[in-house]
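The values are calculated or read from the model by the stated rules, or taken from the named source; none is laboratory data. These figures come from a predicted structure and were not determined experimentally. Reconstructed Cβ throughout: ideal geometry from the backbone, glycine too, with neighbour counts over all protein chains shown.
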There are 2 protein chains.
Amino acid sequence: MADFWVTEAMNGFGMTVQVTEELCSKRSEFQKIDVYQTSKLGRMLLLDGIIQLTEFDEFAYHEMLAHIPLFAHENPKRLLVVGGGDGGVLREAGKHPELEVMDICEIDAEVIETAKKFFPNVSCGYDDPRVAVHIADGSEFIKDRPGYYDVIIVDSTDPGGPGAPLFGEQFYRDMKKALRPGGVIATQAESPYLLPDIVQRLYKVSEQVFRSVGYASILVPTYPTGTIGACVAGDRDDIASPARPVPPELAAKLRYYNSKIHEAAFANPSFVKRLFD
Amino acid sequence: MADFWVTEAMNGFGMTVQVTEELCSKRSEFQKIDVYQTSKLGRMLLLDGIIQLTEFDEFAYHEMLAHIPLFAHENPKRLLVVGGGDGGVLREAGKHPELEVMDICEIDAEVIETAKKFFPNVSCGYDDPRVAVHIADGSEFIKDRPGYYDVIIVDSTDPGGPGAPLFGEQFYRDMKKALRPGGVIATQAESPYLLPDIVQRLYKVSEQVFRSVGYASILVPTYPTGTIGACVAGDRDDIASPARPVPPELAAKLRYYNSKIHEAAFANPSFVKRLFD
């Protein structure tokens, strides 16, 4: 079979990835799910034509989205992951022995099944005995657990897909209610080069709901513009620095996250800072 | 004329940009030069098929490559730019009133002419009366000015093109000789996701030649992987922090560089840090 290129383009530019084989193409109740074998980036997952991860660089996104909020919390015991059906955030969160509860609320069971079949090094996050899977709409699920979680991580698709309710102000207010005192959230918050209006809106909404908010950027080559942000918020004074040291044995295992990059990720270029004024 | 897409691909993935018009396509003594009107990113310059800049995001690269070494120096009087024929680094450097000498050594006069014709907002860097243009091979030119410059900025193409000599160890030794005491260099140092071996080599060479070295990453969506690095080196103890404050009236004009992002750019992800051990 000849190689071909899969392109994700928007606003006049995009990413293109060389593919050697289509491994899966199906339509779930919520979205189109495609898995490709790429020539150089390992396997790649797309939802509705949008690249969700490649084996090449998923570590960058998953490590930062998980470890920033978990290390920004003094002593997290109960975690909720909203979305994140591939299991990558669970895999990283599982490296925190202090966690007692690891709930995940994913709307699309077929994403989980697909990840378990084609991405064993990502979906291994589900092997952790602390994990409880809830197949539900995260924007509804979160209303049922008032004052329960220490950390909530939202690993969503873009606002156009089934993740749309996760970008609304009500969801941020509901997350706040679902947290115990001292709680921290981190949400997938798009690229400031590509979607500055969404970055700005999520930041402003978070600012209204939480005492502190920060926008952390993460270098992920296969996302459009090569960067994506996490909106991190909570009721600490300084959400942008780790609340406790990173154990050396964990630091040695990580490929992206470290305590310096935790802080540095929140130092935004001036054009991004101005979105938040 | 129908739109088409111009793609720069390498190692199984790449960038693709929607183009509405080809404005210039010629071959100089050194390389192929193309200028396109894009649909959303302004005009775009390619050398030998490699994207050099788009009007959309050139500010990120030019601001960081110029202001990091200039603010890492206590009081820079004499600057040399090697390469950088488009004028973008000169434009940014010109915002430093303390500079008395602004030499540029570009090998290809046709790059300068093309920039002056098609990129007035970039090539305006040449309007500064302090600028002196030298059409020559930077790796030779630099040998003629021992102990002369305070800051040298190397804005080169990739190692495959006419910029190849600028990636060798001898050039770093020659730059060191061309500096006055306290001098600082910054060189285009590629993406650690795409070319980790080159990033590593430039860092190690710099470490042998200079007292301090750091690798600063810059978010530039239209470069492959969306990030590029500057290798910054000098004989200060801490090359990764500004040596003096950024004047507020300059800070207000900049879109990317600020004193916090200066320091933060040097906090590398763990997989990048390990290249330097």
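Condition first: in contact (Cβ under 8 Å) with a residue 60 or more places away in the chain and either in contact with a Cys (Cβ under 9 Å, 6 or more places away or on another chain) or among the small types (Gly, Ala, Ser) (or both). Now tell me which residues in region A:46-64 satisfy that.
Answer for region A:46-64, where residues must be in contact (Cβ under 8 Å) with a residue 60 or more places away in the chain and either in contact with a Cys (Cβ under 9 Å, 6 or more places away or on another chain) or among the small types (Gly, Ala, Ser) (or both): just A:60.
Examine region A:173-182 for a residue that is under 16 Å from the mean Cα position of the chain (by Cα) and either modelled with pLDDT under 95 or not assigned by TED's automatic domain parsing to the domain that holds residue A:49 (or both), and state whether such a residue exists. Yes - at least one qualifying residue is present in region A:173-182.
For the criterion of being at pLDDT 95 or above, within 14 Å of another protein chain (Cβ to nearest Cβ) and farther than 19 Å from residue B:103 by Cβ, residue B:224 fails. Scanning region A:228-243 finds one or more residues that are in contact with a Pro (Cβ under 9 Å, 6 or more places away or on another chain), within 13 Å of chain B (Cβ to nearest Cβ) and within 20 Å of residue A:53 (Cα to Cα).
Out of the helices (runs of 4 or more DSSP H) lying entirely within region B:56-174, which hold 3 or more residues that are surrounded by fewer than 23 Cβ atoms within 10 Å (Cβ to Cβ)?
Correct list: B:109-118, B:120-123, B:138-141.
If you check residue B:83 against the conditions, is it within 28 Å of residue B:168 (Cα to Cα) and touching a His at 6+ places or on another chain (Cβ under 8 Å)?
Details: within 28 Å of residue B:168 (Cα to Cα): yes; touching a His at 6+ places or on another chain (Cβ under 8 Å): no.
So residue B:83 fails the test.
The requirement of being of a type in the set (Asp, Glu) and more than 11 Å from chain A (Cβ to nearest Cβ) is fulfilled nowhere in region B:256-263; no residue meets it. Checking each residue in region A:198-255 for being among the hydrophobic types (A, V, I, L, M, F, W, C), surrounded by fewer than 24 Cβ atoms within 10 Å (Cβ to Cβ), in contact with an Asp or Glu (Cβ under 9 Å, 6 or more places away or on another chain) and part of a loop (DSSP other than H, G, I, E, B) picks out A:210, A:240, A:243, A:254.
Can you say whether residue B:257 is at pLDDT 95 or above, hydroxyl-bearing (Ser, Thr, Tyr) and over 13 Å from residue A:261 (Cα atoms), as far as the supplied structure shows? In short, yes.
Say we look at region A:256-274 and pick out the residues that are outside any loop (DSSP other than H, G, I, E, B) and touching a Pro at 6+ places or on another chain (Cβ under 6 Å); which of these is nearest to residue A:177 (Cα to Cα)? Checked region A:256-274; the qualifying residue nearest to residue A:177 (Cα to Cα) is A:262. Of all residues in region A:144-160, those satisfying the criterion of being within 15 Å of the chain's Cα centre (by Cα) and closer than 21 Å to residue A:111 by Cα are A:152, A:153, A:154, A:155, A:156, A:157, A:158, A:159.
Could you grab me the full set of residues in region B:196-230 that are within 23 Å of residue B:14 (Cα to Cα) and in contact with a Ser or Thr (Cβ under 6 Å, 6 or more places away or on another chain)? Those that are within 23 Å of residue B:14 (Cα to Cα) and in contact with a Ser or Thr (Cβ under 6 Å, 6 or more places away or on another chain): B:217, B:219, B:221, B:222, B:225, B:226, B:227, B:228, B:229.
Tell me, which residue of region B:1-18 that is assigned to a loop (DSSP other than H, G, I, E, B) and more than 7 Å from chain A (Cβ to nearest Cβ) is nearest to residue A:15 (Cα to Cα)? Working first, answer last.
First pass over region B:1-18, keeping only residues assigned to a loop (DSSP other than H, G, I, E, B): B:1-3, B:11-12.
Filter once more, keeping what is more than 7 Å from chain A (Cβ to nearest Cβ): B:1-3.
Working: B:1: 24, B:2: 21, B:3: 17 Å.
Within region B:1-18, the match that is nearest to residue A:15 (Cα to Cα) is B:3.
The set of residues in region B:166-194 that are out of contact with any strand residue (DSSP E or B) (no Cβ under 9 Å at 6 or more places or on another chain) and either of a type in the set (Phe, Trp, Tyr) or over 23 Å from residue B:236 (Cβ atoms) (or both) comprises B:168, B:170.
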